[in-house]
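The values are calculated or read from the model by the stated rules, or taken from the named source; none is laboratory data. Every value quoted in this text rests on a predicted model; they were computed, and no experiment measured them. Reconstructed Cβ throughout: ideal geometry from the backbone, glycine too, with neighbour counts over all protein chains shown. Side chains included, ligands, DNA and RNA excluded: accessible areas come from the protein's heavy atoms. Shrake-Rupley method; radii C 1.70, N 1.55, O 1.52, S 1.80 Å.
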Amino acid sequence: MIYTVTLDPSESVVGKGINISLILKKLGIDSIATGVVNHKNVEQVAEELDKAEIENQFIEQTRGIKITAKNQQKLLDYLKVLKAGDILVIAGSFAKGIDPVYLTDLAKVADQRAAALVVDVPYENVLDILPMNPLLIKPNETELKHWFEKDDKEVTTKELIDMAHNLVVRGAQHVLLSLGANGAAIVNMMDALMAHAPEIEEVDSSGSGDALLGTFLAGMLKGYTPVRNLADAIAAGSDTAQSKWLTDFRTTPALQKQVIARRITFEEAE
């Protein structure tokens, strides 16, 4: 089973983990959405997920938006349900009250139970969990530059690929590098694939990264080739960016045909 974790109980039902569960469902893959949700919108979150027939087990933050240590521990205790072969997806920023080091606590629960780990958070604490060999991490260019202390520097695509490869050398099995309008790259120990995004008229880019990650993860589970998987994921992210909300996958095949993935070496990335 796949468990998606959302740790930002905002007034909106939007959450990266929730979005990934929605994308997976659209692609025929079940998941359980969990995390901590503000009491003001817990019913709305549950209703939306129930409507999509997605199982959900959220912990309710009853007072304020600062997540208590008690609720953080409740989530860790709940995740002890993980078993070998399961996948834990941790996505999005953490709400007030949650220190980024909590990422390590979550990762340890998965590691102790031989569950795979997928991470899409902005914190440099991602570097601390690399020895646990996460299945997939998804930084964007801004995050990757920050983790390598190059925030104010111009970097080439080659340098970004080299940084992603460094994360693989340090333990990540796969790094899905989101490059926004420029597409994405997937890097592992063997090689790297890059592809530019198709030309679209952007409406709202929110959720495009979640569509990219959710679609790529689904492709991995279905055994798709890396070339097809990257093209599918970029098409889903692009379609989300040109839509008012997450892609419904009706027009992604046409977009996918515009995506040409190419294999590159780490020395040749430009």
- Query: Say R0 is 22 Å: what FRET efficiency, to the nearest 0.05, do Val81 and Val101 get from their beta-carbon distance?
  - Reply: 0.45
- So what's the angle, to the nearest 10 degrees on a 0 to 90 scale, between helix 102-112 and the longest Cα principal axis of the chain? 90 degrees
- Value of [θ]222 nm, deg cm²/dmol, for the chain, DSSP H segments ≥ 4, -39500 (n - 2.57) each, nearest 500: -11000 deg cm²/dmol
- Please determine, in degrees from 0 to 90 and to the nearest 10, the orientation of helix 16-26 with respect to the longest principal axis defined by the Cα atoms of the chain, where the helix direction is its Cα long axis. 70 degrees
- Task: Rounding to the nearest 20 debye, state how big the charge dipole of the stretch 169-270 is about its Cα centre with +1 on each Lys and Arg Cβ and -1 on each Asp and Glu Cβ.
- Result: 380 debye
- the stretch 93-99 - phi-based ³J(HN,Hα) in whole Hz, Karplus 6.51/-1.76/1.60, Gly and Pro as x: 6, 8, 6, 4, x, 9, 6
- Extending each Cα 7 Å along its Cβ direction at Gln173 and Arg228, get the distance between those two points in nm, one decimal. 2.0 nm
- Item | Apportionment of accessible area to carbon and sulfur, the stretch 1-148, percent (1.4 Å) | 48 percent
- Item | Degrees separating the helix 69-78 axis from the principal Cα axis of the chain, which is the longest one | 70 degrees
- Task: Whole number in Å², please: accessible area per residue of the chain, 1.4 Å probe, ligands, DNA and RNA not counted.
- Result: 47 Å²
- Item | the stretch 45-100-the stretch 171-207 distance, computed between alpha-carbon centres (Å) | 27 Å
- Query: Are any of the pairs Lys51/Lys108; Lys150/Lys244; Lys108/Lys138; Lys80/Lys138; Lys96/Lys244 more than 22 Å apart by Cα-Cα distance, and if so, which?
  - Reply: Lys51/Lys108; Lys150/Lys244; Lys80/Lys138; Lys96/Lys244
